[in-house]
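Data block below; observations after.
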Amino acid sequence: MIKKYYFWHIICLKIYLSNKKILKMNKIFKLFAIAILLVLNACTPTREVKRVSPDQQFDLSGRWNDSDAKMTAESMITQVLSEAWLPEYQKENEGKRPILIVGIVSNKTSEHISAETFIKDLERAFLTDRRVRLVQAGDKREQLRGERADQQDYASPETTKKWGKELGADFILQGSINSTVDSFNKDKVVNYKINLELTNLETNEIVWIGDKEIKKVISN
């Protein structure tokens, strides 16, 4: 049914749009051709769509997805907050929580992966744990500064936010998402490796390096 639909649909379109001689058809034949197209369009198969819980995991294509990003972020935040750099910092700074900024996480795979989504999952995991403090990075930080600049001219004096009150980050988290693919016939194995490192912004000392691997076997 579907194949016949597409066959006749293409035939009618070619007749109606491409053949110069058909442009001289009488009005009745033109209306007849349009009627055929409308009937064929009415027979177009429809898809069934249903809403599911955002917590459910689906892996239709085998590519990196939102479940991978969330799982990786939670695992790596658990890693970084369990290492020696955190108690050492708190010991040297009277128990204060370190201030972190999540920097660039580069996508070095051949897939289209939203690094911003993964970064947000990292930030959310940090905030949920609450052993560190977070500050904005990149474009969002510049947007905040633009808003603060506007306030100097347009906001009332008692509500204007002052310059020079930003929290300076102590550490920056950066990393990359990599993948390798091994395939044979119609089967393949995709191995994702996420590398992250935490650096002291004042000294450039790397205080932590961690990684997480996800391996998927895709069979057809």
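Annotations for the structure displayed:
- Fewest-first ordering of 134, 173, 127 by other beta carbons within 10 Å of each residue's beta carbon gives 127, 134, 173.
- Take the Cα of residue 65, go 7 Å toward its beta carbon, and the backbone nitrogen atoms of the stretch 194-220 under 20 Å from that spot belong to 194, 213-220.
- Gain upon complete extension [residue 96, residue 217; 0.36 nm per residue less C-alpha separation]: 39.1 nm
- Cα-projected label distance for residue 35 with residue 140, points at 7 Å along beta-carbon direction, nm: 6.0 nm
- Tail fraction, Cα-Cα pairs, the stretch 80-220, threshold 27 Å, whole percent: 40 percent
- Segment residue 203-residue 167, length gained on full extension (0.36 nm per residue, minus Cα span): 11.2 nm
- Loop-located GluC sites (Glu not before Pro) in the stretch 125-204 (DSSP state not H, G, I, E or B) with no more than 16 neighbouring Cβ atoms inside 10 Å: 158, 166, 202.
- Protection proxy ranking of 76-82, 113-119, 211-217, 184-190 - average other beta-carbon atoms within 10 Å, highest first: 76-82, 113-119, 211-217, 184-190
Just so you know, all these numbers are worked out from the coordinates, no wet-lab data involved. Model, not experiment: these values are computed from the prediction. As a convention, Cβ positions derive from the backbone with ideal geometry for all residues, glycine included, and neighbour counts pool all protein chains shown.
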